[in-house]
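Novice: My questions all concern the structure below.
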Amino acid sequence: MPRIKHIALTTKDPEKVAAFYKEAFGMQEIRRAPNGAVFLTDGYLNLAILNWKTEKSADVGANGPNYSGIHHFGFEVEDLEEAATNLERAQGKRLEEKPGLDMEMAAGGHRNFEMKWSGPDGVVIDISHTGWETRAK
């Protein structure tokens, strides 16, 4: 059964928001991305704190650009191809920022490999067969 293992927030100030979750809930920092995103964990769930999306982002989400709040969530699945087929059957929409994005992620040495989809209301959903980091270094 697929499990929710990843939630992403978008905000104007990822560093400030990450500091809040670390102080308030004792979440541990996993890493920071060059674009300012901060990744935290509680040991089970990965919490990504991302910069605001723009209208140029394919995964801008149902709330539009410059939105602060929950942006997307991710399911860890056993079989990526089967999950993609199930999403297509359920009339999910595949999202890609640019052609070949999936291959670029895989080649770039990312720990997780994910595909981005949207559901009936435009909410962004990630699926991954490799999962997300949930252990602090």
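Every read-out reported here was derived from the displayed coordinates using simple, explicitly stated rules and does not represent laboratory data. Remember, predicted model here, so these are calculated numbers, not experimental data. Quick reminder, even Gly has a Cβ in these numbers, built from the backbone with ideal geometry, and neighbours come from all protein chains shown.
Novice: Which shape class, rounded, prolate or oblate, goes with the range 1-63 when its Cα gyration tensor gives a ≥ b ≥ c as root eigenvalues, a/c under 1.5 marks rounded, and past that a/b bigger than b/c marks prolate?
Specialist: Taking the square roots of the gyration eigenvalues as a ≥ b ≥ c, the range 1-63 is oblate.
Novice: Go through K22/K56; K56/K116; K53/K116; K5/K116; K53/K93; K56/K93 and tell me which ones have a Cα-Cα distance over 22 Å in this structure.
Specialist: K22/K56
Novice: Related question: Nearest 20 debye, what's the magnitude of the dipole of the range 3-128 about its Cα centre given +1 on Lys and Arg Cβ and -1 on Asp and Glu Cβ?
Specialist: Roughly 380 debye, rounded to the nearest 20.
Novice: For the chain, what does -39500 (n - 2.57) per DSSP helix run (n ≥ 4), summed and divided by total residues, give at 222 nm, in deg cm²/dmol to the nearest 500?
Specialist: Value at 222 nm, helices only, nearest 500: -6000 deg cm²/dmol.
Novice: Which residue, M1, H71, I125, has the largest displacement toward the positive end of the dipole of the chain when charges sit on each Cβ (Lys, Arg +1; Asp, Glu -1)?
Specialist: The residue sitting most towards the positive pole is H71.
Novice: Of the labelled options [x] 0.96; [y] 1.12; [z] 1.02, which one gives Cα Rg over 2.2 N^0.38 Å as computed for this structure?
Specialist: [z]
Novice: Counting other beta carbons within 10 Å of each residue's own, what order do M1, M27 fall into, fewest first?
Specialist: M1, M27
Novice: Ordered by residue, what ³J(HN,Hα) values in Hz, to whole numbers, does the range 85-91 give under the Karplus form 6.51 cos²θ - 1.76 cosθ + 1.60, where θ = phi - 60° and Gly and Pro are x?
Specialist: Each residue of the range 85-91 in turn: 4, 5, 5, 4, 4, 7, 6 Hz.
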